[in-house]
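Below you'll find the structure, written out as structure tokens, and then a few comments.
Here, each number is a calculation from the coordinates, and none is a lab measurement. These numbers were taken from a predicted model, which means no experiment stands behind them. Here the Cβ positions follow ideal geometry from the backbone for every residue, glycine too, while neighbour counts run over all protein chains shown.
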Amino acid sequence: MIVTVLGLGLMGGSLGLALRRASPSATVFGCTRSETRGAMALERGAIDQFFADPVEAVRDADVVVCCAPILSIPEQLRAVLPGLKPGALVTDVGSTKADVQRHCTDLLAGREALFIGSHPIAGSEQQGIEAAREDLYRGAMVVITPDVATASEKVAMLRGLWESVGSCVVAMTPEEHDRVLAATSHLPHMVAALLAATLGQPGRRADLPRFCGAGYRDTTRIASGGVDIWMDIARTNRAALCGELKAFAAVLSRFIEKLDHESFSDIEEILREGKTAREAFVHYGNNANSEE
């Protein structure tokens, strides 16, 4: 099988490393606008061959993986359309699915190639081929979003690709994916960013970071992620993200009201709700991991 990875940053580079380690019979081609990045991907063993021309990069590919910011994925696909061979499977690694899948499916209308969205729930606040690592996808959840009419053998091919690098694969509709991830991923990032922005407001004492312990560092770590990536998420999952932020704001408003009125028994109840919910999440995750 030949897999072409379009974009050789953290996600694309890590996928190349993982595929070449897990599937020695697979050939991984890479394409990126930066020849320096391509050379580094070759040097690190993430790809077997580098192509500067995206059309040439996909000519023999059985699977094409678009690894680009969400709003750039359709354009990335558009650029390789002349080179896609009949039967090629195209996927991506974007964090939102409905908008991307609609555009990419439209682009492939009337062609023999097929698009199925993928979202590996893995990553890092670090970026670039320098940060790529072979185990990024090991143990990660990957959501794939086939349409109802998608051929079962293509779904099995995509599932097999992600399982080969150690991921656990779940299928759902693009819309369901976006609702779920708004709660579990997009809301936490925005809250972390807003918390960091609050403590970083002008007028606070300059040595405030000296008094920030592990709690602040752990809670705001993900706020270091690329702003461009999160702007794409906000644009393509606006409605679901707004809903989750409003739900969070309602809980926060309730807490502020109780604190303002010195209703400490109610505050204790809210804090216990949070502690119980956190423990339930951890317990569920531990049980899920032990069953794999």
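Got the relative contact order for the chain handy, in percent, Cα pairs under 8 Å and 6 or more residues apart?
Details: 460 pairs, mean separation 45.1, N = 292.
15 percent.
Of the candidates 167, 265, 253, which one comes out as most mobile in a Gaussian network treatment of the chain with C-alpha springs shorter than 10 Å?
265
What is the ratio of the Cα radius of gyration of the stretch 130-219 to 2.2 N^0.38 Å, with N the residue count, to two decimals?
1.61
First check a/c for the stretch 79-150, with a ≥ b ≥ c the square roots of the eigenvalues of its C-alpha gyration tensor; if it is under 1.5, answer rounded, and if not, answer prolate when a/b is larger than b/c or oblate otherwise. Intermediate values should be presented prior to the final figure.
On the way: a/c = 2.29, a/b = 1.74, b/c = 1.31.
The shape class here is prolate.
Within a Cβ distance under 15 Å of residue 179, other residues only, what is the Lys/Arg minus Asp/Glu net charge?
Result for the neighbourhood of residue 179: -2.
Going through the stretch 38-112, which trypsin sites (Lys or Arg not before Pro) have at most 16 other Cβ atoms within 10 Å and a DSSP loop state?
Answer in residue order: 111.
With the dipole of the stretch 1-102 worked out from charges on the C-beta (+1 for Lys and Arg, -1 for Asp and Glu) around the Cα centre, which of 96, 46, 74 lies farthest toward the positive end?
It is 96, whose Cα lies furthest towards the positive end.
Quick one: compute a quarter of the convex hull surface over the Cα atoms of the chain and quote it in nm².
Its Cα hull, projected and averaged over all orientations, spans 17.9 nm².
Within the chain, which DSSP H helices have Cα atoms that stretch 24 Å or more along the helix axis and a mean Kyte-Doolittle hydropathy of at least 0.0?
Span-like helices, by this rule, are 238-260.
Give me 284, 216 ranked fewest to most by other Cβ atoms within 10 Å of their Cβ, as a rough exposure proxy.
284, 216
Rounded to a whole number, what is D in µm²/s for the stretch 14-82 from Stokes-Einstein with the Kirkwood radius over alpha-carbon pairs (10 °C, 1.306 mPa s)?
Details: Rh = 12.5 Å.
Estimated diffusion coefficient is 127 µm²/s.
About the Cα centre, and with charges only on the beta carbon of Lys, Arg (+1) and Asp, Glu (-1), how big is the dipole of the stretch 157-277? Nearest 20 debye, please.
Charge dipole of the stretch 157-277: 360 debye, to the nearest 20.
With only alpha-carbon atoms counted, please give the Rg and Dmax of the stretch 112-270, in Å.
When restricted to Cα atoms, the stretch 112-270 yields Rg and Dmax of 19.9, 65 Å.
At q = 0.14 Å⁻¹, what log₁₀ I(q)/I(0) does the stretch 1-123 have when each alpha carbon counts as one equal point scatterer in the Debye sum?
Evaluating at q = 0.14 Å⁻¹ gives log10 I(q)/I(0) of -0.51.
If neighbour count is taken as other Cβ atoms inside 10 Å, put 228, 260 in order from fewest to most. Show your work: numbers first, answer last.
Numbers: 228 12, 260 8.
Ranked by crowding around the Cβ, least crowded first: 260, 228.
Pick out which of 12, 110, 30 has the largest mean-square fluctuation in a Gaussian network model of the chain, springs linking Cα atoms closer than 10 Å.
Answer for the Gaussian network model of the chain: 110.
Return the lysines within reach of residue 97: Cα separation strictly under 20 angstrom, same-chain partners fewer than 8 residues apart disregarded; answer none if there are no such residues.
154
Please label the shape of the stretch 197-292 as rounded, prolate or oblate, based on the square roots a ≥ b ≥ c of the eigenvalues of the alpha-carbon gyration tensor (a/c under 1.5 means rounded; beyond that, a/b larger than b/c means prolate, else oblate).
It is rounded, given that a/c, with a ≥ b ≥ c, falls under 1.5.
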